[in-house]
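Here is the structure we will look at, set down as structure tokens.
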Amino acid sequence: MHEMALCESVIGIVEDEARRDGFARVKTVVVELGQLGHVEPEALLFCFEAVSRGTVADGAKLAIERVPGAGWCLDCGKTVPLAERFGACPDCGRHHVQMTAGDEMRVKELEVL
């Protein structure tokens, strides 16, 4: 389950920020999670609870904001929505689409006490 390793990385980021900014507790961690990434939100929530125990994020809520898939169609020359990785352009039907959003995961915001 790679969600455990991802949560360990998120906690590492949170702890680095706590040391840098001098806060002792985190109430909420907001992450952006691409809909086309291979990360299960439910598994991420479960793992976050386990990994955050004994850290500055112990008891914190993990809020997940889903990011829809998008890509740049090289044939149409425009940004188009993507429903799947390596999908065809919804406008022209060709498969010359370069993914630009939807597979990311990033810590967006921390609510601290």
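The values are calculated or read from the model by the stated rules, or taken from the named source; none is laboratory data. All values reported here derive from a predicted model rather than from experimental measurement. Please note: Cβ atoms are built from the backbone with ideal geometry, for glycine as well, and neighbour counts cover all protein chains shown. When the accessible area is computed, the model is the full protein with side chains, heavy atoms only, and any ligands, DNA or RNA have been set aside. Shrake-Rupley method; radii C 1.70, N 1.55, O 1.52, S 1.80 Å.
Observations on the structure shown:
- Per-residue SASA entry for Asp91, accessible area with 1.4 Å probe, Å² rounded to 10: 90 Å²
- For region 24-113, trypsin sites (Lys or Arg not before Pro) are listed when DSSP marks them as loop and at most 15 other Cβ atoms sit within 10 Å of their Cβ; the list is Arg25, Arg53, Arg85, Arg94.
- For Thr100, the solvent-accessible surface with a 1.4 Å probe is about 90 Å², rounded to the nearest 10.
- Nonpolar atom fraction for region 53-113, defined as the carbon and sulfur part of the 1.4 Å probe accessible area, stands at 49 percent.
- Looking at region 29-91, the GluC sites (Glu not before Pro) that sit in a DSSP loop and have at most 15 other Cβ atoms within 10 Å of their own Cβ are Glu84.
- Stretching Glu84 away from Phe23 to a fully extended chain increases their span by 18.0 nm, per 0.36 nm per residue minus the current alpha-carbon distance.
- Relative to the longest principal axis of the Cα atoms of the chain, the long axis of helix 41-52 makes an angle of roughly 20 degrees.
- Tilt relative to the chain, helix 2-21 - C-alpha long axis, 0 to 90 degrees, to 10: 60 degrees
- Its relative contact order, with pairs defined as Cα atoms under 8 Å and 6+ residues apart, puts the chain at 34 percent.
- Computed from label points 7 Å out along Cα-Cβ, the spacing between Ala70 and Cys92 is 1.9 nm.
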